[in-house]
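Report on the structure given below.
What follows is calculated from the coordinates using simple rules that are stated; it is not laboratory data. What you are looking at is a predicted structure, and each value in this text was computed from that prediction instead of being measured. When we count neighbours, we look across all protein chains shown, and the Cβ atoms used for this are built from the backbone with ideal geometry, even at glycine.
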4 protein chains.
Amino acid sequence: MNALPKRVAVLGASGYAGQELCERIEAHPGLQLTAAMSAREGVVPDEPALPVDRPLEPLDWKRIAGLDAVLLATPHGASAPLAARALELGAKVVDLSADYRFGDVARYERVYGVEHPHPELVEEAVYGLVEFERDRIAGARLVAAPGCYPTSVVLALRPLIEAQLIELSAPIVADCKSGASGAGKRPSAALHFGSVQDNFRAYNVGQHRHAPEIETYAGASGARVVFVPHLLPCFRGILSTIYVQPKPGASVSEARAAWERAYRGEAFVKVFERGQPELSRVVRTNQCHLAIADGRAFPGAEVDAAGEAVTWVLTSAIDNLLKGAAGQALQCLNLMLGFEEAEGLR
Amino acid sequence: MNALPKRVAVLGASGYAGQELCERIEAHPGLQLTAAMSAREGVVPDEPALPVDRPLEPLDWKRIAGLDAVLLATPHGASAPLAARALELGAKVVDLSADYRFGDVARYERVYGVEHPHPELVEEAVYGLVEFERDRIAGARLVAAPGCYPTSVVLALRPLIEAQLIELSAPIVADCKSGASGAGKRPSAALHFGSVQDNFRAYNVGQHRHAPEIETYAGASGARVVFVPHLLPCFRGILSTIYVQPKPGASVSEARAAWERAYRGEAFVKVFERGQPELSRVVRTNQCHLAIADGRAFPGAEVDAAGEAVTWVLTSAIDNLLKGAAGQALQCLNLMLGFEEAEGLR
Amino acid sequence: MNALPKRVAVLGASGYAGQELCERIEAHPGLQLTAAMSAREGVVPDEPALPVDRPLEPLDWKRIAGLDAVLLATPHGASAPLAARALELGAKVVDLSADYRFGDVARYERVYGVEHPHPELVEEAVYGLVEFERDRIAGARLVAAPGCYPTSVVLALRPLIEAQLIELSAPIVADCKSGASGAGKRPSAALHFGSVQDNFRAYNVGQHRHAPEIETYAGASGARVVFVPHLLPCFRGILSTIYVQPKPGASVSEARAAWERAYRGEAFVKVFERGQPELSRVVRTNQCHLAIADGRAFPGAEVDAAGEAVTWVLTSAIDNLLKGAAGQALQCLNLMLGFEEAEGLR
Amino acid sequence: MNALPKRVAVLGASGYAGQELCERIEAHPGLQLTAAMSAREGVVPDEPALPVDRPLEPLDWKRIAGLDAVLLATPHGASAPLAARALELGAKVVDLSADYRFGDVARYERVYGVEHPHPELVEEAVYGLVEFERDRIAGARLVAAPGCYPTSVVLALRPLIEAQLIELSAPIVADCKSGASGAGKRPSAALHFGSVQDNFRAYNVGQHRHAPEIETYAGASGARVVFVPHLLPCFRGILSTIYVQPKPGASVSEARAAWERAYRGEAFVKVFERGQPELSRVVRTNQCHLAIADGRAFPGAEVDAAGEAVTWVLTSAIDNLLKGAAGQALQCLNLMLGFEEAEGLR
């Protein structure tokens, strides 16, 4: 690696995803973390906020000019104008927020309830689900990294829908469970230790804004998704249990084969022949683990249900902060800057 | 309370459910815990095994003769003959195992893969879901306490199925999450602290033997249930998220009204008007908390899905060791012995 | 129990200790929870804040007039004037804060760095460590419930110091570990789930204000205590490991005998013959578990250290919210109102 | 790095420390993991036991012949003969067990209660505390990696004792708290999830075999250590709180300066100017974080204690599986094989 390193800034560096980005960039042989900034000018916390040996700095556009890339680990609404400004200054941008995830401005505005300040960039932005958009990402100036839940669900669904193995007339159920880091770092009653430990609950039932994102990228228009996120009493990881109705005659082994075709050669997706994904095997990695099983395989079921349509149970596990956020963003950045896709992520 | 206390023994007293039973019986003003026994003769652990101030004793039938009741916190297979023997000795029996849950011997044998040693008692036994079998329980000699997962799922489903609000031609999805105490106290690699903490996974996907129990008691023959249990990184509690297709025209408020009718006056079932059940509010209680929501209520859903069938999301939370085991068993015992149903459970 | 129940209010009812108080009072056959109030007028949270079936109310002195007792689960500084006002209105008061714990106003002001607004009440107040102040508590109008750490440490130290078994010329080390509930319910970065889970640290090393409280009540003037609290990744409980130098010739069995004399007949202190206290056996109880061991009993130690002074290791476990706060306060209130001391605490 | 990689085997690869070793070796640019073996011939578990993409193999000496190094993550007693055999086959050996930690065979035999099978190797072996034995480790054939607790305690104590800042006539108290991974992977009632979560306790009070190891390497003969380990409800990390009596006139800043001199230029020891170490900042690193404070700095202490000897509170945090086991072993191996000491550990 004799070339000069590419110079990169992280905005929103003190959040969980921002911290992951800083750590991974520091460990990346081809990248130099030039600045780890807050999303706001003039405001930085007193405490050491970064896992790397540098201070969190306030937002300073002068220091961003001339950089190769900017990574935005900032909230939706805040990201859109930051991305526009960074692009003007010549940097490539990966935005981890939802601001550029929908190609359709009207859909974004309906889902997020705000006017999009830069509709002219919406069309240009590429959805950063690398396994399906590799070439477009490599050529992009602006990439919108997918949401954590959509990453875990879409990686499971899309090959099966594209292979026409799933009945889209029935709703798809995505019952998703996330560690508390997915809810962010800002102190609140809901995220107090006493509220999360020894507890478990669903939230935003049927109303979470990742549902339309999942439907958009599930692999076919018309897929209807019932999405229910839950908060686990642990820090990292998402496990999604997804219930789909197969087309008549389709088998679990055909579905597994469709996954294997879709993910042959992929560094970060593993299809299980047997056994079940679990969080402990994906956290602190950029991996997605997938498994499929018949939903009514218990003794006695075959007697009662002969000839009836079965339900498949797909399980998908990722680290929400890596494959669901910082890892996937870095996978995109590697492609955009000409690095090997897995650099810094093994 | 001037009457003499009823004399009760717990068999299998050193397991998690057995320990709960001992604690609750000790605190019950009308019961006397006469013996807390292992399920085996001559075998007791060295260590203090009980949360109450008495030793665990080996199984001793002489000490059981003449008791008013025996509670069996013993595994399936072991319970069936213990129940028969205790009945012979004149005690009433509540069995927390699966051995007498299915009125149909053939179904039990298919699901559990063993021959039933006492088919003559199967028909006599009453399924101890108090809210639906109160009168039969009060008159029973032998009650089979429901499984933990079936309790949480059936309490949610049954009033809606009986009110004919749910489309039974579509499969019902029960995505259930349990604390580790549900898997018992025996040391194993899977239940080692390092395997459970910071982890989450599905197990027995589509194959768990609680699925046929749920189908049997869901409220109508022909209900097909896809049941997937998961292991939470906490100790107590079950939260079930249940996905059902309503009959055309049925509304969430009708469903909530059906619950309220079914559970009016019940001490241990609470229907939420708003908000979501969570484990922390039910653990260490005998309560079941229920909520219902529309599964596709996110912004934009109405545009895409106008006129289509929706999915309802039912959430049901219990303590697996109380309403899912020892608490419900004691609720039954109270009825069988003539106590107020909630005695010792408030 | 034919007498009318005593009417009681809790101020600061929405905090962890306040919630425990409300639950225990509701379950107490001789008490009626007349009001569960915030410490401030006109301010209450939207959310259900109490574990009992009643709303949190704003502070309202009119509703306090005429009550039998007021329990203050309010912070130091806030408690002192609330106690004074409640006493004026004729109620007996148990204050869970530090405001009335030091008989010496100057010492309080030096430790807490504020001027005491009611020095006239300081002398009247009784320190509510029941096992040592039972008679004075029974006759008191105003009781200061001990701090959580001091309760666990003083119960271990005091009988040994009073029996003159401990060398006071050497410092006493109290290495204490508390669950996160001890730090309260207010959201903060330090108490965010992500900061506490999978973590452990000392805090306020050598500077915690419970150190002078421990020294004051340890059993003799001149005891010097090095006190270091730590934050455990769990919710409830304090385990204190206390290192003392015995007087020449004193033995571990003499020390254990001193504890047994001191705590004979006590409902809430248990001295271990063998084995070690652990949090799981004291949480959700009002118990204190005590054990003592020789600090250099490892193989080889006897060879190297023959004839040298040993160190004793005392371990003491309580539930910080019960014996360390609400439970002990209720123990005091029972005495003040003429109830059996353990009522509502078994 | 053009040279051929050094070929290394791990014995005892399926335990927690063995797994860490495998992961780190796979990521090390100069090492090749040639074999990951069980400690026994012919016995391997069915399940995937390794975090790396290779199977666990049974012990096979033919495959060990000719290797550059063998790492023993095997229990004490088992390691001693394995080390001897591997040395005979020409490999360098790092043993993570206690078998070669004591230069004095008699002391080993007294502490571990077994006869040492290879006393001839005991003298040759070097204690692998790199910061104090760097040169001898670099030239060694056989290195005994220090115990986890001794690493955390000795790194804190030794510079202060060597600088003669600590009064050795007073006992040193080492109150140590470890995550459950320190107790190993074998299923047992004590390590069941239900026994560790929400719990905390001391164990082996005054009797743990790491106490004589600490005394041996503390920095001076005659240091007497009272060592009490505790089990934390989390997986990784040790935090040791150490209480020492300074020599008259010695100051906290002198002590900190002694640490800074001892650890200047060290990659893996960090001395805090202010703030406290915490597990979350050292886990998954090879770092040791150290801080020191005055033990009686609370308001009021100065008044009471003027002129009296103070106590210092040293806090030391490491990851028990890295700096306390696999990381430190790899640090040693790097020196023995001519690599940069921190290779594979950053």
Calculated from DSSP H runs of 4 or more alone, at -39500 (n - 2.57) each and per residue, what is the 222 nm mean residue ellipticity of the protein assembly as shown, nearest 500? -8000 deg cm²/dmol
Of the convex hull drawn through the C-alpha atoms of segment A:6-124, the volume per residue in Å³ is 102
Spatial extent of chain B: Rg and Dmax, with the Cα atoms as the point set, Å: 20.4, 71
Log10 I(q)/I(0) at q = 0.06, 0.07, 0.08 Å⁻¹ for the protein assembly as shown, from Debye over equal alpha-carbon scatterers, is -0.59, -0.82, -1.10
Distance from segment D:181-199 to segment B:119-139 (C-alpha centre basis), Å: 39
With 10 angstrom as the radius, rank D:E278, A:E266 by how many other C-beta atoms surround their C-beta, starting from the fewest. A:E266, D:E278
When the Karplus curve 6.51 cos²θ - 1.76 cosθ + 1.60 is applied with θ = phi - 60°, which whole-Hz ³J(HN,Hα) does each residue of segment D:118-127 get, with x for Gly and Pro? 9, x, 5, 8, 4, 5, 5, 5, 10, 6
What are the residues whose amide H is under 5 Å from the amide H of A:K92, where those residues sit 5 or more places off or on another chain and H is modelled from the backbone? A:A69, A:V70
Hydrodynamic calc, segment D:213-294: Kirkwood Rh from Cα pairs, then Stokes-Einstein at 37 °C with viscosity 0.692 mPa s, so D in µm² s⁻¹ is 222
Starting from the Cα coordinates of segment D:149-320, work out the convex hull volume and express it per residue in Å³. 128
Give me the distance between the Cα centres of segment C:218-278 and segment B:229-297, rounded to whole Å. 46
Label segment A:87-142 by shape, choosing from rounded, prolate and oblate, from the square roots a ≥ b ≥ c of the eigenvalues of the Cα gyration tensor; if a/c is under 1.5 it is rounded, and otherwise prolate applies when a/b is larger than b/c, oblate when it is not. oblate
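Neighbour counts of other C-beta atoms within 10 Å: give me B:T216, D:T315 arranged from fewest to most.
B:T216, D:T315
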Equivalent ellipsoid semi-axes for segment B:66-166, as square roots of 5 times the alpha carbon gyration tensor eigenvalues: give them largest first, rounded to whole Å. 24, 17, 11
Please report the net charge: other residues with Cβ closer than 13 Å to the Cβ of D:E41, K and R +1, D and E -1. +2
Just the C-alpha atoms of segment D:250-339: what Rg/Rh do they give, with Rh taken as the Kirkwood radius? 1.11
